Amino acid sequence: MEKRKAMAMGDSSRSPEAGSEATTGLHAYERMLSTRLLYKDATLHALMVRMVLSSLITPSATGDLDLVALNKVLGSEGGRTGGLEYLLTWHLSSEAGVKIAADVSHQLDARAAPDVKPAGEGGMTDMASTPRTPASRLLRLLSRGLFDPSRFANLQFHARGASGNIYRAKYVPPSRSSETKSSLPVNTTQAQVMIKAIELAGPESDRSMLQDVYGELAILERFRGHPGICQLIDYGITGESYWIVMRRYRCSLAEWRLRQTQGPSNPASAVLYLSILQQVVESLKLLVNNSVVHFVL
């Protein structure tokens with residue numbers, strides 16, 4: 001488990017001392033929380049969390065993040081969104097924060113209308129059992145208690161992406177005890193998935209990865225079920241990185257093309273190639289019409 005986390009963070013040489021310091025710091029933070037009357041009232045604590053989430057999200061139809069506005073409210077120095085991301089994640093990973101995050105997540109998800117997609121290969125749904133509201137999506141990226149990485153085993157490095165490492169893995173159905181952390185059905189058989197691991201910003205970072213990850217997930221959720229878009233399986237925060245779990249496909253279009261023995265000069269092959277090209281163009285048209293920019297096909 002610890003080895004898998006280190007791989008996902010892209011830093012297998014992280015020292016045990018660093019982890020011990022983080023644990024000591026979390027315990028000190030929890031002791032501080034225990035002295036604050038605000039956190040002794042679960043209802044008030046949940047309300048404050050929901051207010052912070054609402055402050056981070058713009059009122060637009062897409063529900064984008066507005067980190068600049070919240071930085072002004074909190075008086076962050078130099079507009080450092082990385083420090084804000086670190087602070088919220090720290091708070092919602094404390095014992096009190098995890099419990100409140102679970103309650104707030106349940107409340108937010110209950111507001112979303114059920115929209116279950118048919119199961120794909122391996123019996124996995126293409127998304128969570130219910131669509132997430134912007135606030136619920138954000139909360140899932142801030143609380144480690146809402147995501148169970150143990151459901152994904154046998155991580156193997158696949159490639160280095162623009163924003164993080166990519167791993168192949170197997171999905172393992174959760175036990176009944178961890179069902180509340182899973183957005184996939186308990187009776188799902190093992191299936192292959194791809195995991196993008198994006199390292200969190202540190203407390204002194206000038207750049208926040210939260211906004212980029214949130215935006216990517218918002219796009220993937222918007223196009224769930226579309227045959228021309230890679231399908232999102234699950235996501236969350238674990239250790240020191242965000243995990244985006246995607247459906248694993250048999251091969252890329254480029255790999256498929258290299259396997260073909262007939263070129264487009266063959267009439268039968270030409271029909272197939274043109275059909276595939278049409279599907280690619282239709283998918284690109286969908287992205288363009290929704291103001292989505294994609295650099296890698």
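The values are calculated or read from the model by the stated rules, or taken from the named source; none is laboratory data. Remember, it's a predicted structure, so these values are computed and weren't measured experimentally. FYI the Cβ positions are ideal-geometry reconstructions off the backbone, even for glycines, and counts take in every protein chain you see. Areas reflect the complete protein model, heavy atoms only, side chains present, ligands, DNA and RNA absent. Shrake-Rupley method; radii C 1.70, N 1.55, O 1.52, S 1.80 Å.
Report, by residue number, each residue of the range 227-271 that is surrounded by 12 or more Cβ atoms within 10 Å (Cβ to Cβ) and among the polar types (S, T, N, Q). Within the range 227-271, Gln231, Thr238, Ser241, Gln260, Gln262, Asn266, Ser269 qualify. Scanning the range 208-219 for residues that are of a type outside the set (Gly, Ala, Ser), under 20 Å from Ser143 (Cβ atoms) and open to solvent by 10 Å² or more (accessible area, probe 1.4 Å) gives Met209, Gln211, Asp212, Glu216.
State yes or no: is Gly215 modelled with pLDDT of 85 or more and at positive phi? No; evaluated as a whole, the condition is false for this residue.
Among the residues making up the range 152-170, a single one is open to solvent by less than 10 Å² (accessible area, probe 1.4 Å), at pLDDT 90 or above and not hydrophobic (A, V, I, L, M, F, W, C): Tyr167. Screening Pro134 on (1) in contact with a Pro (Cβ under 7 Å, 6 or more places away or on another chain); (2) at pLDDT 90 or above shows it passes everything except condition (1).
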